Structure formats: structure tokens, C-alpha cells
Amino acid sequence: MTIYLFAAFVPTVGRLLLNPLYMSTVLGSCTSVYYLSGWISFLPKYFQVQFNYSASDSSMYAGGFCVYVLGHNIYKQIQGDIYNFSLNLACII
């Protein structure tokens, strides 16, 4: 039984990797995650330079803003269906 499942798994993964719509969605998601992580990392320094805030103030403002943005994105995911959101969250973790 296990050999049959593995034999069926390999062609399925191959078809999935050759699907252009799926791969563009995966690459788009990876790009947005890299963009968001870089944006969150350097936002306090941007606040320091542009607005002349201290390091602690800029970190507090950036943290609050990032919590708002991430909360908004999570809310958009949950709004459709809690089951699909939990599956997406489980795949991310």
C-alpha cells in the first residue's frame, strides 16, 4: 500500500510543479513574504532617518503599524472561511 501511494505521489508532484498558475502563485507568495519581512525589518530605521525619532520611539511606531498591517492581512484571510484560513496557517507553520 505504501509503495502505491509513493508511486502515485511522484507524478502528482511533477504535474503540480509544471502547472504555471500554481507556480506563479507560489512565487508571488514568496516574493510578498520577502518584501514584507524586509519592510518590517527596516521600517524603524526609516522612521529614525526621515522623521528624526529616537530608536525607541521609531520601534514603537513601526511595531504598532506592522501589527495593524499584519492584522489586516489576517482578517482578510479569515473573512472568507475559517477552515481555509486554518489550512493556510498550518501550511505556513
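The values are calculated or read from the model by the stated rules, or taken from the named source; none is laboratory data. This one's a predicted model, so the numbers in the text were calculated from it and none came from an experiment. Neighbour counts are summed over all protein chains in view; Cβ atoms, including those assigned to glycine, are modelled from backbone coordinates with ideal geometry.
Could you check, for region 73-84, whether at least one of its residues is modelled with pLDDT under 90 and among the acidic types (Asp, Glu)? Yes, that holds for at least one residue.
Does region 50-61 hold any residues that are assigned to a helix (DSSP H, G or I) and loosely packed, with under 11 Cβ neighbours inside 10 Å, and which are they? Of everything in region 50-61, those that are assigned to a helix (DSSP H, G or I) and loosely packed, with under 11 Cβ neighbours inside 10 Å turn out to be Gln50, Phe51, Ser56. Look at region 24-45: where a residue is modelled with pLDDT of 85 or more and a partner is of a type in the set (Phe, Trp, Tyr), sitting 6+ places away or on another chain with Cβ atoms under 8 Å, you get Leu43/Phe65; Pro44/Tyr61.
Would you say Phe65 is modelled with pLDDT under 75, surrounded by 12 or more Cβ atoms within 10 Å (Cβ to Cβ) and aromatic (Phe, Trp, Tyr)? Walk me through it before giving the result.
On the way: modelled with pLDDT under 75: no; surrounded by 12 or more Cβ atoms within 10 Å (Cβ to Cβ): yes; aromatic (Phe, Trp, Tyr): yes.
The answer is no for Phe65.
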